[in-house]
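Asker: Quick one: this structure, given as C-alpha coordinates, is what I'll be asking you about.
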Amino acid sequence: MNAFKSLFKQTFIYGLATVLPRMLSFLLVPLYTSEAVLANPAEYGTVSVIFSYFVLFNVILAYGMETAFFRFFNKEDDKAKVVSTATMSLVISSISFFVIALLFQNQIANAINIDVKYIKLVIWILLLDALVIIPFAWLRANEKPMRYAIIKLLNVVINIGLNLFFLLALKNLAQTSGLFQGIYKLNFEISYIFIANLVASAVTLLAMLSFYTKIKYQFDKHLWKQMLRYAFPVLIAGVAFSINETFDRILLKELLPADVAESEIGMYSACYKLALFMTLFATAYRLGIEPYFFSHAKTKNPQKNYANILEFFVAFGSIILLAVVVFADVLKPFIIRSEAYWEAMWIVPIILLANFCLGIYHNLSVWYKITDRTRFGAYISVVGAIVTLVINFVFIEAYSYKASAVATLVAYATMMVLSFYFGRKYYPIPYNLKKIGLYLLISISFSMLSFYKYRGVYIAGIAMLIVFLGLVILLEKNQLKKVLKR
(Lines give C-alpha, C1' and ligand atoms only; values in the text may rest on other atoms or scores of the structure.)
Protein backbone atom coordinates (compact mmCIF):
# COMPACT_ATOMS: atom_id res chain seq x y z
CA MET A 1 0.00 0.00 0.00
CA ASN A 2 2.99 2.31 0.51
CA ALA A 3 3.70 1.80 -3.17
CA PHE A 4 0.18 3.01 -3.93
CA LYS A 5 0.67 6.05 -1.72
CA SER A 6 3.82 6.96 -3.62
CA LEU A 7 2.06 6.33 -6.92
CA PHE A 8 -0.89 8.58 -6.10
CA LYS A 9 1.37 11.34 -4.80
CA GLN A 10 3.47 11.34 -7.96
CA THR A 11 0.41 10.96 -10.15
CA PHE A 12 -1.11 14.05 -8.55
CA ILE A 13 2.00 16.18 -9.06
CA TYR A 14 2.78 14.86 -12.54
CA GLY A 15 -0.90 15.14 -13.29
CA LEU A 16 -0.85 18.80 -12.31
CA ALA A 17 2.28 19.34 -14.40
CA THR A 18 0.68 17.58 -17.35
CA VAL A 19 -2.76 19.07 -16.91
CA LEU A 20 -1.35 22.59 -17.03
CA PRO A 21 0.37 22.34 -20.44
CA ARG A 22 -2.55 20.40 -21.86
CA MET A 23 -4.94 22.84 -20.26
CA LEU A 24 -3.12 25.50 -22.25
CA SER A 25 -4.79 24.40 -25.48
CA PHE A 26 -8.03 23.93 -23.58
CA LEU A 27 -7.94 27.36 -21.90
CA LEU A 28 -7.03 29.08 -25.14
CA VAL A 29 -9.99 27.64 -27.05
CA PRO A 30 -12.38 30.30 -25.67
CA LEU A 31 -9.88 32.96 -26.77
CA TYR A 32 -9.29 31.51 -30.23
CA THR A 33 -12.98 30.87 -30.91
CA SER A 34 -14.15 34.30 -29.77
CA GLU A 35 -15.49 36.86 -32.22
CA ALA A 36 -12.50 39.13 -31.54
CA VAL A 37 -9.80 36.61 -32.54
CA LEU A 38 -10.66 33.65 -34.80
CA ALA A 39 -14.40 34.04 -35.26
CA ASN A 40 -14.18 32.14 -38.55
CA PRO A 41 -13.80 28.38 -37.91
CA ALA A 42 -11.58 28.20 -41.01
CA GLU A 43 -8.86 30.20 -39.25
CA TYR A 44 -8.94 27.88 -36.26
CA GLY A 45 -8.84 25.03 -38.74
CA THR A 46 -5.50 26.32 -40.05
CA VAL A 47 -4.09 26.42 -36.51
CA SER A 48 -5.38 22.90 -35.86
CA VAL A 49 -3.73 21.49 -38.98
CA ILE A 50 -0.38 23.03 -38.03
CA PHE A 51 -0.62 21.59 -34.51
CA SER A 52 -1.37 18.21 -36.08
CA TYR A 53 2.01 18.35 -37.80
CA PHE A 54 3.52 19.38 -34.47
CA VAL A 55 2.36 16.13 -32.89
CA LEU A 56 3.80 14.03 -35.72
CA PHE A 57 7.21 15.72 -35.78
CA ASN A 58 7.54 15.81 -32.00
CA VAL A 59 7.26 12.03 -32.08
CA ILE A 60 9.79 11.73 -34.89
CA LEU A 61 12.32 13.99 -33.16
CA ALA A 62 11.99 12.03 -29.89
CA TYR A 63 12.24 8.69 -31.81
CA GLY A 64 11.37 6.66 -28.70
CA MET A 65 14.46 7.76 -26.80
CA GLU A 66 12.49 8.95 -23.78
CA THR A 67 11.02 5.49 -23.17
CA ALA A 68 14.40 3.87 -23.86
CA PHE A 69 15.96 6.25 -21.35
CA PHE A 70 13.56 5.09 -18.61
CA ARG A 71 14.19 1.44 -19.39
CA PHE A 72 17.99 1.64 -19.40
CA PHE A 73 18.17 4.13 -16.52
CA ASN A 74 16.51 1.50 -14.32
CA LYS A 75 18.37 -1.40 -15.94
CA GLU A 76 22.00 -0.21 -16.14
CA ASP A 77 24.34 0.30 -13.19
CA ASP A 78 26.12 3.24 -14.83
CA LYS A 79 23.21 5.65 -14.94
CA ALA A 80 25.39 8.64 -15.84
CA LYS A 81 26.39 6.90 -19.05
CA VAL A 82 22.74 6.33 -19.96
CA VAL A 83 21.93 9.99 -19.34
CA SER A 84 24.83 11.32 -21.40
CA THR A 85 24.37 8.87 -24.29
CA ALA A 86 20.65 9.62 -24.62
CA THR A 87 21.26 13.36 -24.32
CA MET A 88 24.00 13.51 -26.94
CA SER A 89 21.93 11.40 -29.32
CA LEU A 90 18.95 13.75 -29.12
CA VAL A 91 21.01 16.94 -29.29
CA ILE A 92 22.81 15.84 -32.45
CA SER A 93 19.67 14.58 -34.18
CA SER A 94 17.64 17.68 -33.22
CA ILE A 95 20.22 20.16 -34.49
CA SER A 96 20.62 18.14 -37.71
CA PHE A 97 16.86 18.26 -38.27
CA PHE A 98 16.82 21.99 -37.55
CA VAL A 99 19.49 22.81 -40.14
CA ILE A 100 17.96 20.61 -42.85
CA ALA A 101 14.42 21.89 -42.20
CA LEU A 102 15.48 25.52 -42.40
CA LEU A 103 17.31 24.89 -45.67
CA PHE A 104 14.21 23.30 -47.21
CA GLN A 105 11.51 25.38 -45.48
CA ASN A 106 10.03 26.63 -48.77
CA GLN A 107 9.77 23.14 -50.20
CA ILE A 108 8.13 21.90 -46.96
CA ALA A 109 5.63 24.78 -47.06
CA ASN A 110 4.68 23.99 -50.67
CA ALA A 111 4.38 20.26 -49.98
CA ILE A 112 1.90 20.63 -47.10
CA ASN A 113 0.26 23.85 -48.37
CA ILE A 114 1.03 25.96 -45.31
CA ASP A 115 2.47 29.47 -45.36
CA VAL A 116 6.26 29.43 -44.99
CA LYS A 117 6.16 32.08 -42.25
CA TYR A 118 4.40 29.51 -40.04
CA ILE A 119 6.81 26.74 -41.05
CA LYS A 120 9.82 28.77 -39.88
CA LEU A 121 8.28 29.29 -36.44
CA VAL A 122 7.33 25.62 -36.20
CA ILE A 123 10.90 24.50 -36.96
CA TRP A 124 12.29 26.62 -34.12
CA ILE A 125 9.65 25.37 -31.65
CA LEU A 126 10.31 21.73 -32.58
CA LEU A 127 14.04 22.18 -31.92
CA LEU A 128 13.51 23.80 -28.52
CA ASP A 129 10.97 21.17 -27.45
CA ALA A 130 13.25 18.31 -28.52
CA LEU A 131 16.15 19.64 -26.43
CA VAL A 132 14.17 19.32 -23.18
CA ILE A 133 12.97 15.73 -23.71
CA ILE A 134 15.78 14.03 -21.78
CA PRO A 135 16.07 16.75 -19.08
CA PHE A 136 12.38 16.29 -18.27
CA ALA A 137 12.72 12.49 -18.41
CA TRP A 138 15.69 12.76 -16.01
CA LEU A 139 13.53 14.69 -13.51
CA ARG A 140 10.85 12.00 -13.68
CA ALA A 141 13.34 9.14 -13.38
CA ASN A 142 14.90 10.75 -10.30
CA GLU A 143 11.48 11.43 -8.77
CA LYS A 144 11.72 15.22 -8.80
CA PRO A 145 8.08 15.94 -9.59
CA MET A 146 8.00 19.41 -8.00
CA ARG A 147 10.72 20.87 -10.21
CA TYR A 148 9.12 19.17 -13.20
CA ALA A 149 5.78 20.76 -12.33
CA ILE A 150 7.21 24.24 -11.70
CA ILE A 151 8.95 24.39 -15.08
CA LYS A 152 5.87 23.10 -16.86
CA LEU A 153 3.82 25.73 -15.06
CA LEU A 154 6.27 28.43 -16.14
CA ASN A 155 5.79 27.37 -19.77
CA VAL A 156 2.02 27.59 -19.44
CA VAL A 157 2.03 30.97 -17.73
CA ILE A 158 4.27 32.50 -20.39
CA ASN A 159 2.29 30.98 -23.24
CA ILE A 160 -1.09 32.09 -21.91
CA GLY A 161 0.25 35.51 -20.95
CA LEU A 162 1.70 36.15 -24.41
CA ASN A 163 -1.43 34.89 -26.15
CA LEU A 164 -3.54 37.31 -24.13
CA PHE A 165 -1.07 40.11 -24.79
CA PHE A 166 -0.77 39.54 -28.54
CA LEU A 167 -4.39 38.69 -29.29
CA LEU A 168 -6.27 40.99 -26.91
CA ALA A 169 -4.09 43.80 -25.57
CA LEU A 170 -1.59 44.61 -28.30
CA LYS A 171 -4.02 46.18 -30.77
CA ASN A 172 -5.29 48.68 -28.18
CA LEU A 173 -1.78 49.40 -26.93
CA ALA A 174 -0.57 50.07 -30.49
CA GLN A 175 -3.39 52.60 -30.98
CA THR A 176 -2.48 54.53 -27.85
CA SER A 177 1.30 54.16 -27.65
CA GLY A 178 3.98 54.36 -30.32
CA LEU A 179 6.06 51.92 -28.28
CA PHE A 180 3.88 48.99 -29.42
CA GLN A 181 3.17 50.06 -33.00
CA GLY A 182 6.34 48.38 -34.25
CA ILE A 183 5.29 44.90 -33.09
CA TYR A 184 1.60 45.06 -33.96
CA LYS A 185 0.56 43.74 -37.35
CA LEU A 186 -2.93 43.51 -38.79
CA ASN A 187 -4.32 39.98 -39.46
CA PHE A 188 -1.29 38.45 -37.75
CA GLU A 189 -3.22 36.41 -35.16
CA ILE A 190 -2.04 32.96 -36.26
CA SER A 191 1.61 34.06 -36.24
CA TYR A 192 1.16 35.56 -32.77
CA ILE A 193 -0.12 32.20 -31.51
CA PHE A 194 3.08 30.45 -32.61
CA ILE A 195 5.36 33.28 -31.47
CA ALA A 196 3.90 32.89 -27.97
CA ASN A 197 4.61 29.16 -28.17
CA LEU A 198 8.16 29.84 -29.34
CA VAL A 199 8.99 32.21 -26.47
CA ALA A 200 7.53 29.79 -23.89
CA SER A 201 9.61 26.91 -25.32
CA ALA A 202 12.76 29.06 -25.27
CA VAL A 203 12.28 29.99 -21.60
CA THR A 204 11.63 26.33 -20.75
CA LEU A 205 14.95 25.33 -22.31
CA LEU A 206 16.72 28.11 -20.39
CA ALA A 207 15.20 26.78 -17.15
CA MET A 208 16.63 23.33 -17.95
CA LEU A 209 20.11 24.45 -19.03
CA SER A 210 21.63 23.46 -15.69
CA PHE A 211 21.00 19.84 -16.70
CA TYR A 212 23.38 20.25 -19.64
CA THR A 213 26.12 21.69 -17.41
CA LYS A 214 25.95 18.87 -14.86
CA ILE A 215 26.06 15.74 -16.98
CA LYS A 216 29.28 13.97 -17.95
CA TYR A 217 29.51 13.90 -21.73
CA GLN A 218 30.41 10.32 -22.62
CA PHE A 219 28.94 8.53 -25.58
CA ASP A 220 28.71 4.75 -25.38
CA LYS A 221 28.16 3.50 -28.92
CA HIS A 222 27.21 -0.03 -27.82
CA LEU A 223 24.68 1.29 -25.30
CA TRP A 224 23.33 3.72 -27.89
CA LYS A 225 22.68 0.89 -30.35
CA GLN A 226 20.86 -1.05 -27.63
CA MET A 227 18.75 1.98 -26.80
CA LEU A 228 17.93 2.55 -30.47
CA ARG A 229 16.84 -1.07 -30.88
CA TYR A 230 14.56 -0.64 -27.88
CA ALA A 231 13.38 2.79 -29.05
CA PHE A 232 12.65 1.99 -32.70
CA PRO A 233 9.39 0.11 -32.06
CA VAL A 234 8.39 2.94 -29.73
CA LEU A 235 9.02 5.39 -32.58
CA ILE A 236 6.85 3.34 -34.93
CA ALA A 237 4.16 3.18 -32.25
CA GLY A 238 4.48 6.92 -31.70
CA VAL A 239 4.09 7.75 -35.39
CA ALA A 240 1.10 5.44 -35.56
CA PHE A 241 -0.30 7.08 -32.44
CA SER A 242 0.11 10.55 -33.94
CA ILE A 243 -1.83 9.33 -36.97
CA ASN A 244 -4.60 8.13 -34.66
CA GLU A 245 -4.62 11.33 -32.64
CA THR A 246 -4.29 14.17 -35.14
CA PHE A 247 -3.88 12.96 -38.72
CA ASP A 248 -7.63 13.13 -39.28
CA ARG A 249 -7.35 16.94 -39.47
CA ILE A 250 -4.83 16.61 -42.27
CA LEU A 251 -7.04 14.08 -44.07
CA LEU A 252 -10.09 16.30 -43.64
CA LYS A 253 -8.17 19.12 -45.31
CA GLU A 254 -7.14 16.88 -48.20
CA LEU A 255 -10.39 14.97 -48.74
CA LEU A 256 -13.10 17.58 -48.18
CA PRO A 257 -13.93 20.30 -50.73
CA ALA A 258 -11.55 23.24 -50.35
CA ASP A 259 -14.34 25.72 -49.66
CA VAL A 260 -15.52 23.88 -46.51
CA ALA A 261 -12.50 21.87 -45.36
CA GLU A 262 -10.92 24.33 -42.93
CA SER A 263 -14.28 25.34 -41.46
CA GLU A 264 -15.13 21.69 -40.82
CA ILE A 265 -11.70 21.15 -39.25
CA GLY A 266 -12.17 24.22 -37.06
CA MET A 267 -15.53 23.04 -35.72
CA TYR A 268 -14.28 19.49 -35.22
CA SER A 269 -11.10 20.60 -33.44
CA ALA A 270 -12.94 23.00 -31.14
CA CYS A 271 -15.52 20.43 -30.01
CA TYR A 272 -12.76 17.81 -29.74
CA LYS A 273 -11.34 19.92 -26.89
CA LEU A 274 -14.25 18.95 -24.65
CA ALA A 275 -12.72 15.48 -24.53
CA LEU A 276 -9.63 16.99 -22.96
CA PHE A 277 -10.98 16.21 -19.48
CA MET A 278 -10.46 12.53 -20.25
CA THR A 279 -7.16 13.10 -22.04
CA LEU A 280 -5.74 15.02 -19.08
CA PHE A 281 -6.77 12.33 -16.62
CA ALA A 282 -5.37 9.52 -18.77
CA THR A 283 -2.09 11.32 -19.47
CA ALA A 284 -1.52 12.28 -15.84
CA TYR A 285 -2.18 8.71 -14.79
CA ARG A 286 0.23 7.41 -17.43
CA LEU A 287 3.02 9.75 -16.38
CA GLY A 288 2.60 8.64 -12.79
CA ILE A 289 2.52 4.93 -13.46
CA GLU A 290 5.18 4.60 -16.18
CA PRO A 291 8.18 5.00 -13.82
CA TYR A 292 6.25 2.92 -11.27
CA PHE A 293 5.85 0.06 -13.74
CA PHE A 294 9.59 -0.11 -14.38
CA SER A 295 10.77 0.39 -10.79
CA HIS A 296 8.41 -2.26 -9.38
CA ALA A 297 8.79 -4.84 -12.13
CA LYS A 298 11.17 -6.94 -9.99
CA THR A 299 9.22 -6.74 -6.75
CA LYS A 300 7.21 -9.64 -5.40
CA ASN A 301 4.00 -10.21 -7.34
CA PRO A 302 3.81 -6.84 -9.14
CA GLN A 303 0.94 -8.14 -11.28
CA LYS A 304 -1.52 -7.72 -8.40
CA ASN A 305 -0.69 -4.03 -8.09
CA TYR A 306 -0.90 -3.59 -11.85
CA ALA A 307 -4.38 -5.11 -11.80
CA ASN A 308 -5.53 -2.76 -9.03
CA ILE A 309 -4.12 0.23 -10.90
CA LEU A 310 -6.22 -0.52 -13.98
CA GLU A 311 -9.31 -1.05 -11.84
CA PHE A 312 -8.90 2.39 -10.24
CA PHE A 313 -8.28 3.94 -13.64
CA VAL A 314 -11.44 2.49 -15.15
CA ALA A 315 -13.53 3.50 -12.13
CA PHE A 316 -12.40 7.14 -12.18
CA GLY A 317 -12.37 7.30 -15.97
CA SER A 318 -15.95 6.06 -16.14
CA ILE A 319 -17.04 8.83 -13.77
CA ILE A 320 -15.28 11.46 -15.91
CA LEU A 321 -16.85 10.06 -19.09
CA LEU A 322 -20.37 10.21 -17.74
CA ALA A 323 -19.97 13.58 -15.97
CA VAL A 324 -18.60 15.38 -19.04
CA VAL A 325 -21.25 13.90 -21.32
CA VAL A 326 -24.08 14.89 -18.95
CA PHE A 327 -22.83 18.49 -18.68
CA ALA A 328 -21.38 18.89 -22.19
CA ASP A 329 -23.96 21.49 -23.24
CA VAL A 330 -23.40 23.41 -20.01
CA LEU A 331 -19.65 23.49 -20.59
CA LYS A 332 -19.64 24.39 -24.27
CA PRO A 333 -20.46 28.14 -24.04
CA PHE A 334 -17.57 28.63 -21.60
CA ILE A 335 -15.06 26.74 -23.75
CA ILE A 336 -16.27 27.29 -27.32
CA ARG A 337 -17.39 30.90 -27.36
CA SER A 338 -18.82 31.20 -30.85
CA GLU A 339 -21.94 29.28 -31.84
CA ALA A 340 -20.40 28.84 -35.29
CA TYR A 341 -18.41 25.93 -33.84
CA TRP A 342 -21.23 24.11 -32.01
CA GLU A 343 -22.40 22.14 -35.01
CA ALA A 344 -19.79 19.46 -34.24
CA MET A 345 -20.99 18.72 -30.66
CA TRP A 346 -22.19 15.32 -31.88
CA ILE A 347 -18.62 14.02 -31.65
CA VAL A 348 -18.09 14.76 -27.94
CA PRO A 349 -19.23 11.41 -26.40
CA ILE A 350 -17.45 9.49 -29.18
CA ILE A 351 -14.13 11.27 -28.63
CA LEU A 352 -14.42 11.02 -24.84
CA LEU A 353 -14.92 7.28 -25.09
CA ALA A 354 -12.10 6.99 -27.62
CA ASN A 355 -9.67 8.68 -25.25
CA PHE A 356 -10.91 6.49 -22.40
CA CYS A 357 -10.05 3.41 -24.48
CA LEU A 358 -6.63 4.91 -25.17
CA GLY A 359 -6.05 5.41 -21.45
CA ILE A 360 -6.96 1.78 -20.76
CA TYR A 361 -4.60 0.73 -23.55
CA HIS A 362 -1.71 2.63 -21.93
CA ASN A 363 -2.42 0.87 -18.64
CA LEU A 364 -2.53 -2.50 -20.37
CA SER A 365 0.72 -1.79 -22.21
CA VAL A 366 2.81 -2.49 -19.10
CA TRP A 367 3.36 -6.08 -20.24
CA TYR A 368 5.35 -5.29 -23.39
CA LYS A 369 7.36 -2.47 -21.82
CA ILE A 370 8.73 -4.40 -18.86
CA THR A 371 9.31 -7.58 -20.86
CA ASP A 372 11.24 -5.71 -23.58
CA ARG A 373 8.68 -6.65 -26.23
CA THR A 374 8.16 -3.08 -27.38
CA ARG A 375 7.74 -4.30 -30.95
CA PHE A 376 4.23 -5.37 -29.94
CA GLY A 377 3.46 -1.76 -29.08
CA ALA A 378 4.49 -0.86 -32.60
CA TYR A 379 2.41 -3.66 -34.15
CA ILE A 380 -0.69 -2.71 -32.17
CA SER A 381 -0.33 1.01 -32.90
CA VAL A 382 0.19 0.33 -36.60
CA VAL A 383 -3.04 -1.69 -36.65
CA GLY A 384 -4.77 1.27 -34.99
CA ALA A 385 -3.30 3.66 -37.56
CA ILE A 386 -4.47 1.44 -40.41
CA VAL A 387 -7.99 1.41 -38.95
CA THR A 388 -7.89 5.20 -38.65
CA LEU A 389 -6.70 5.72 -42.20
CA VAL A 390 -9.11 3.24 -43.78
CA ILE A 391 -12.22 4.59 -42.06
CA ASN A 392 -11.24 8.19 -42.78
CA PHE A 393 -10.41 7.55 -46.43
CA VAL A 394 -13.62 5.61 -47.02
CA PHE A 395 -16.11 7.74 -45.09
CA ILE A 396 -14.84 11.35 -44.81
CA GLU A 397 -16.38 12.46 -48.10
CA ALA A 398 -19.81 11.26 -46.98
CA TYR A 399 -19.73 11.93 -43.23
CA SER A 400 -16.95 14.53 -42.76
CA TYR A 401 -15.67 14.85 -39.17
CA LYS A 402 -18.22 12.30 -37.87
CA ALA A 403 -16.25 9.64 -39.74
CA SER A 404 -13.04 10.92 -38.12
CA ALA A 405 -14.55 10.71 -34.63
CA VAL A 406 -15.80 7.16 -35.15
CA ALA A 407 -12.45 6.17 -36.69
CA THR A 408 -10.65 7.40 -33.56
CA LEU A 409 -12.94 5.35 -31.31
CA VAL A 410 -12.67 2.16 -33.38
CA ALA A 411 -8.88 2.51 -33.61
CA TYR A 412 -8.31 2.98 -29.87
CA ALA A 413 -10.81 0.27 -28.94
CA THR A 414 -9.04 -2.14 -31.31
CA MET A 415 -5.67 -1.29 -29.76
CA MET A 416 -7.08 -1.83 -26.27
CA VAL A 417 -8.44 -5.27 -27.13
CA LEU A 418 -5.25 -6.36 -28.91
CA SER A 419 -3.03 -5.28 -25.99
CA PHE A 420 -5.22 -7.20 -23.55
CA TYR A 421 -5.15 -10.31 -25.75
CA PHE A 422 -1.37 -10.44 -26.16
CA GLY A 423 -0.76 -9.38 -22.56
CA ARG A 424 -2.61 -12.46 -21.29
CA LYS A 425 -0.27 -14.60 -23.37
CA TYR A 426 3.10 -13.04 -22.50
CA TYR A 427 2.60 -11.46 -19.06
CA PRO A 428 -0.67 -12.55 -17.40
CA ILE A 429 -2.12 -9.98 -14.98
CA PRO A 430 -5.16 -10.90 -12.83
CA TYR A 431 -7.45 -8.07 -13.88
CA ASN A 432 -10.90 -8.04 -12.28
CA LEU A 433 -12.70 -8.26 -15.62
CA LYS A 434 -16.18 -8.51 -14.13
CA LYS A 435 -15.87 -5.26 -12.20
CA ILE A 436 -14.06 -3.44 -15.01
CA GLY A 437 -16.63 -4.67 -17.52
CA LEU A 438 -19.47 -3.55 -15.26
CA TYR A 439 -18.05 -0.03 -14.95
CA LEU A 440 -17.56 0.25 -18.71
CA LEU A 441 -20.97 -1.15 -19.61
CA ILE A 442 -22.93 1.10 -17.26
CA SER A 443 -20.95 4.31 -17.85
CA ILE A 444 -21.04 3.94 -21.64
CA SER A 445 -24.75 3.05 -21.68
CA PHE A 446 -25.65 5.96 -19.40
CA SER A 447 -23.49 8.34 -21.45
CA MET A 448 -25.12 7.40 -24.74
CA LEU A 449 -28.61 7.61 -23.24
CA SER A 450 -27.91 10.96 -21.63
CA PHE A 451 -26.49 12.62 -24.77
CA TYR A 452 -28.38 11.06 -27.66
CA LYS A 453 -31.78 10.40 -26.04
CA TYR A 454 -32.13 12.65 -22.97
CA ARG A 455 -29.88 15.53 -24.02
CA GLY A 456 -30.84 18.64 -22.10
CA VAL A 457 -32.95 16.67 -19.59
CA TYR A 458 -30.56 17.22 -16.72
CA ILE A 459 -32.70 15.47 -14.13
CA ALA A 460 -32.22 12.23 -16.05
CA GLY A 461 -28.50 12.81 -16.65
CA ILE A 462 -27.74 13.77 -13.04
CA ALA A 463 -29.77 10.81 -11.76
CA MET A 464 -27.67 8.45 -13.90
CA LEU A 465 -24.48 10.08 -12.62
CA ILE A 466 -25.55 9.73 -8.98
CA VAL A 467 -26.47 6.08 -9.47
CA PHE A 468 -23.12 5.35 -11.06
CA LEU A 469 -21.18 7.22 -8.37
CA GLY A 470 -23.00 5.23 -5.72
CA LEU A 471 -22.08 1.98 -7.47
CA VAL A 472 -18.38 2.91 -7.65
CA ILE A 473 -18.27 3.97 -3.99
CA LEU A 474 -20.02 0.77 -2.95
CA LEU A 475 -17.65 -1.49 -4.87
CA GLU A 476 -14.44 0.42 -4.10
CA LYS A 477 -15.09 1.52 -0.51
CA ASN A 478 -12.62 -0.95 1.02
CA GLN A 479 -9.78 0.06 -1.30
CA LEU A 480 -10.57 3.75 -0.84
CA LYS A 481 -10.49 3.37 2.95
CA LYS A 482 -7.04 1.77 2.76
CA VAL A 483 -5.67 4.51 0.51
CA LEU A 484 -7.14 7.35 2.61
CA LYS A 485 -5.97 5.71 5.84
CA ARG A 486 -2.41 5.55 4.52
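The values are calculated or read from the model by the stated rules, or taken from the named source; none is laboratory data. Values in this document were obtained by computation on a predicted structure and should not be read as measured data. Backbone-built Cβ (ideal geometry, glycine too); neighbour counts: all protein chains shown. The protein model used for the area step is the full one, side chains on, heavy atoms only, and it has no ligands, DNA or RNA in it. Shrake-Rupley method; radii C 1.70, N 1.55, O 1.52, S 1.80 Å.
Asker: If you add up the charges near residue 231, with Lys and Arg at +1 and Asp and Glu at -1, over every other residue whose beta carbon is less than 11 angstrom from its beta carbon, what do you get?
Answerer: So the surrounding residues net to +2.
Asker: Calculate what fraction, in whole %, of the accessible area of the chain sits on carbon and sulfur atoms when a 1.4 Å probe is rolled over the protein chains. Please report the intermediate quantities before stating the final value.
Answerer: Values: 14030 of 21460 Å².
The C+S portion of the solvent-accessible surface of the chain is 65 percent.
Asker: Among 114, 232, 178, which residue has its Cα positioned farthest towards the positive end of the charge dipole of the stretch 103-243, with +1 placed on the Cβ of Lys and Arg, -1 on the Cβ of Asp and Glu, and the dipole taken about the Cα centre?
Answerer: Positive-most Cα among the choices belongs to 232.
Asker: What's the magnitude of the charge dipole for the chain around its Cα centre, counting Lys and Arg as +1 and Asp and Glu as -1 at the beta-carbon? Answer in Debye, nearest 20.
Answerer: 2260
Asker: Quote the charge dipole size of the stretch 204-358 about the Cα centre in Debye, to the nearest 20; the model charges only the Cβ of Lys and Arg (+1) and of Asp and Glu (-1).
Answerer: On the way: 14 positive and 12 negative charges, 246 e Å.
With Lys and Arg at +1 and Asp and Glu at -1, about 1180 debye.
Asker: Let me ask you something else. Could you do me a favour and compute the accessible area per residue for the chain, 1.4 Å probe, result in Å²?
Answerer: The answer is 44 Å² per residue.
Asker: Considering the values [x] 0.99; [y] 1.03; [z] 0.96, which represents Rg/Rh (Cα atoms, Kirkwood Rh) as calculated for the structure under consideration?
Answerer: [z]
Asker: Report, to two decimal places, the Cα Rg of the stretch 335-486 normalised by 2.2 N^0.38 Å (N = number of residues). List each step's numbers first, then the result.
Answerer: Details: Rg = 18.5 Å, N = 152, 2.2 N^0.38 = 14.8 Å.
Against the empirical 2.2 N^0.38 Å value, I get 1.25 for the stretch 335-486.
Asker: Now a separate question. Per q in 0.13, 0.17 1/Å, what log10 I(q)/I(0) does a Debye calculation on the alpha-carbon atoms of the stretch 73-188 return?
Answerer: -0.79, -1.03
Asker: Right, next: Quick one: ranking 464, 415 by accessible area, 1.4 Å probe, largest first, what do you get?
Answerer: On the way: 464 25, 415 0 Å².
So the residues, ranked largest to smallest area, are 464, 415.
Asker: Among 32, 49, 148, whose Cα projects farthest towards the positive end of the dipole of the stretch 25-183, with charges put on the beta-carbon of Lys, Arg (+1) and Asp, Glu (-1)?
Answerer: 148
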